[in-house]
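The block underneath contains the structure these notes are about, expressed in structure tokens.
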Amino acid sequence: MTTSINYNEKIPNNVNLSEDRALRRALEHWQPNYLNWWQEMGPDGTGNYDVYLRTAISVDPKGWANYDYVKMPSYRWGIFLSPPEQDRKIHFGDHKGEDAWQTVPGEHRANLRRIIVTQGDTEPASVEQQRHLGHTAPSLYDLRNIFQINVEEGRHLWAMVYLLHKYFGRDGREEGEALLERRSGEEDNPRILQAFNERTPDWLAFFMFTYFTDRDGKFQLCALAESGFDPLSRTTRFMLTEEAHHMFIGESGVSRILQRTCQVMNELKTDDPHTLRENGVIDLDTVQRYLNFHYSVTIDLFGADESSNAAIFYSSGLKGRFEESKQDDDHRLREDWYGVLEVRDGKLVERQVPKLNALNEVLRDKFITDSIRGVKRWNRVMEKAGIPFRLVLPHKAFNRKIGSLAGVRISPTGQVITESTWNAEIDSWLPSVSDRAFVANLMGRVAEPGQFANWIAPPAFGVNGQPADFQYVRFD
Ligand code: BYC
Ligand code: FE
Ligand code: FE
């Protein structure tokens, strides 16, 4: 088995597509529909841009070092699986110890299809959400980065469509078409998960999205990489190599915004939001409100705290936990319990439920631990600048729309509150109409090499060892 990718074919791949005529035909039929979707819903007005992009030439770690100018519609979207692991076994659930599946077991077909479709749906959704942001990129460096993310999310759709076409026959092909038909935020035919129907209207939202929501991608993909269905495992393993970069863009983007705001705070010796806004930077309270929004919307993506679906996905070996093999237990979990939150007598209390049913909550908690690390790094920017403000993650029950906390009102510090308190405070907890209008007003494309919008600091280093003033995008 070779790990290099054949770029001479119409669809680059390392899955021997040329030897599977029916599959190749099905995918070549889907390809123009995908390109039409990209044209219609991908980055707006970018058909002529030459973008300095990274393309995988093989699936081993070195294969990522390939950078060149690419016109995005000609980006070589392809199908790449991580190398197989010899004699791989299923290592959790009722089938623990059995050989991993190379084809779809009939009894798990509907659930697997649903998982793959849900995963696949998020990928084009994020491209749709980010479609207009290129017009207001704060620098060529940032413009190039968003396009890198967009082409990779497009490839993640390819990854899921490959699985649907190869293993789900006609149903799979129909799902492949439907993935190109749903539209983020569209009333009649929305994307499946709510966070992917929200708007990503400005660059602060974009950086928060790639910090938090792409991190949901990391955790879900890690759980799917454990799957007993080996092709899903190998596909998601390769996708994960791309995800780290998406989260880096988000984390460093927010850091650079904080850095610039702190600089102006120190220059003007003020923490007054009004003054800061007048000087063209984003006040720290507004950053906190955006954080509150994207964090709460993202933790909803893990699903209901108690879910029989989650129990079935795990027991049947379809979806594991984050780092399943590092968990020190029997990997069946039939005897285990886990705490979930609910409101009782006007207070948030923890209730023990069978762990199998709480696996969405288990994954959410892993995500939360991981999220805290980056917030600490953000706070170091303020520490260094000698500014006492600190960002915090809101309570996990805050602003929830999914699960047992959906019907209750909880403050960012975890107090159960009334609807009228909620309504009175909401504009100090979540981005208000005027916050969004202010941030929107700051946005405007900066396209001179080495120039950055006033509200964001330059990055610490460029892409692939290039300087910050490199021509990352050429306009024609
Ligand atoms: N919004 O039993 P529950 C990424 C529905 S991100 C709307 O908890 P389950 C990326 C649910 O469908 C990673 N509806 O559901 C990031 C169900 O509906 P029905 C994406 C929701 O199945 C950035 C009902 O509520 N991958 O890759 O346990 C850029 C009951 O819920 C939501 C995956 O998610 C929601 N948030 O859990 C680009 C992995 N949550 O059946 C890409 C695959 C739940 O009652 N998906 N519902 O009509 C899964 O594993 C599961 O589907 C979920 C939901 C964990 C998402
Ligand atoms: Fe993705
Ligand atoms: Fe991503």
Inset, instruction - Assess whether R155 counts as being of a type in the set (K, R), in a helix (DSSP H, G or I) and either within 11 Å of ligand 1 (Cβ to nearest atom) or touching a residue at least 60 places away in the same chain (Cβ under 8 Å) (or both). - result: yes
Legend entry - Sole residue being buried (at least 19 other Cβ atoms within 10 Å of the Cβ), within 14 Å of ligand 3 (Cβ to nearest atom), over 17 Å from G120 (Cα atoms) and at pLDDT 95 or above, chosen from F209, F293: F209
Legend entry - Long-range neighbours under 6 Å by Cβ, at least six apart or interchain, first residue more than 20 Å from R183 (Cβ to Cβ) and among the polar types (S, T, N, Q) within region 193-218, second in a helix (DSSP H, G or I) and within 12 Å of ligand 1 (Cβ to nearest atom): T210/H246; T210/I249; T210/G250
Legend entry - K218 over 30 Å from Q288 (Cβ atoms), charged (D, E, K, R) and part of a helix (DSSP H, G or I): no
Inset, instruction - Of the conditions (1) part of a helix (DSSP H, G or I); (2) farther than 28 Å from H331 by Cβ; (3) within 16 Å of ligand 1 (Cβ to nearest atom); (4) in contact with a Gly (Cβ under 9 Å, 6 or more places away or on another chain), T122 clears all except one; give me its number. - result: (2)
Inset, instruction - Could you tell me which numbered condition R400 fails, if it satisfies all but one of (1) under 23 Å from the mean Cα position of the chain (by Cα); (2) at pLDDT below 95? - result: (2)
Inset, instruction - Considering only region 92-118, state which residues are part of a loop (DSSP other than H, G, I, E, B) and surrounded by 16 or more Cβ atoms within 10 Å (Cβ to Cβ). - result: F92, G93, H95, A100, V104
Inset, instruction - Kindly provide the set of residues from region 89-138 that are of a type in the set (K, R) and closer than 18 Å to S184 by Cα, ordered by number. - result: R131
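Per-residue answers, yes or no, for (1) modelled with pLDDT of 95 or more; (2) within 18 Å of E242 (Cα to Cα); (3) more than 16 Å from ligand 2 (Cβ to nearest atom):
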position: V151; (1), (2), (3): yes, yes, no
position: G154; (1), (2), (3): yes, yes, no
position: M160; (1), (2), (3): yes, yes, no
position: Y167; (1), (2), (3): yes, no, yes
position: D171; (1), (2), (3): yes, no, yes
position: G176; (1), (2), (3): yes, no, yes
position: L179; (1), (2), (3): yes, no, no
position: E186; (1), (2), (3): yes, no, yes
position: R191; (1), (2), (3): yes, no, no
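Residue check: is L318 away from ligand 3 (no atom under 16 Å from the Cβ), touching a strand residue (DSSP E or B) at 6+ places or on another chain (Cβ under 8 Å) and farther than 29 Å from G414 by Cβ?
Working: away from ligand 3 (no atom under 16 Å from the Cβ): yes; touching a strand residue (DSSP E or B) at 6+ places or on another chain (Cβ under 8 Å): yes; farther than 29 Å from G414 by Cβ: yes.
It is true that L318 is away from ligand 3 (no atom under 16 Å from the Cβ), touching a strand residue (DSSP E or B) at 6+ places or on another chain (Cβ under 8 Å) and farther than 29 Å from G414 by Cβ.
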Inset, instruction - Check K166 against each of (1) in a helix (DSSP H, G or I); (2) farther than 20 Å from Q31 by Cβ; (3) not polar (S, T, N, Q) and name the one condition it does not meet. - result: (2)
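Here's the yes/no breakdown for (1) surrounded by 11 or more Cβ atoms within 10 Å (Cβ to Cβ); (2) of a type in the set (V, I, T); (3) closer than 30 Å to R400 by Cβ; (4) more than 23 Å from the chain's Cα centre (by Cα):
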{"residue": "S432", "(1), (2), (3), (4)": "yes, no, yes, yes"}
{"residue": "A440", "(1), (2), (3), (4)": "yes, no, yes, no"}
{"residue": "A447", "(1), (2), (3), (4)": "yes, no, no, yes"}
{"residue": "F452", "(1), (2), (3), (4)": "yes, no, no, yes"}
{"residue": "G465", "(1), (2), (3), (4)": "no, no, no, yes"}
{"residue": "Y472", "(1), (2), (3), (4)": "yes, no, no, yes"}
Inset, instruction - With the checklist (1) out of contact with any helix residue (DSSP H, G or I) (no Cβ under 6 Å at 6 or more places or on another chain); (2) under 24 Å from P459 (Cβ atoms) in hand, flag the one item K269 doesn't pass. - result: (2)
Legend entry - Selected residue (criterion: modelled with the lowest pLDDT) from residues of region 3-29 that are in a strand (DSSP E or B) and surrounded by 13 or more Cβ atoms within 10 Å (Cβ to Cβ): N6
Inset, instruction - Could you grab me the full set of residues in region 310-366 that are among the basic types (K, R), free of Cβ contacts under 8 Å to residues at least 60 places away in the same chain and assigned to a strand (DSSP E or B)? - result: R344, R351
Inset, instruction - Name every residue in region 226-260 that is touching a Leu at 6+ places or on another chain (Cβ under 9 Å), over 17 Å from F206 (Cβ atoms), away from ligand 2 (no atom under 14 Å from the Cβ) and in a helix (DSSP H, G or I), in order of residue number. - result: P231, L232, S233, R234
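The values are calculated or read from the model by the stated rules, or taken from the named source; none is laboratory data. Since the structure is predicted, the reported quantities are computational estimates derived from the model, not experimental observations. Please note: Cβ atoms are built from the backbone with ideal geometry, for glycine as well, and neighbour counts cover all protein chains shown.
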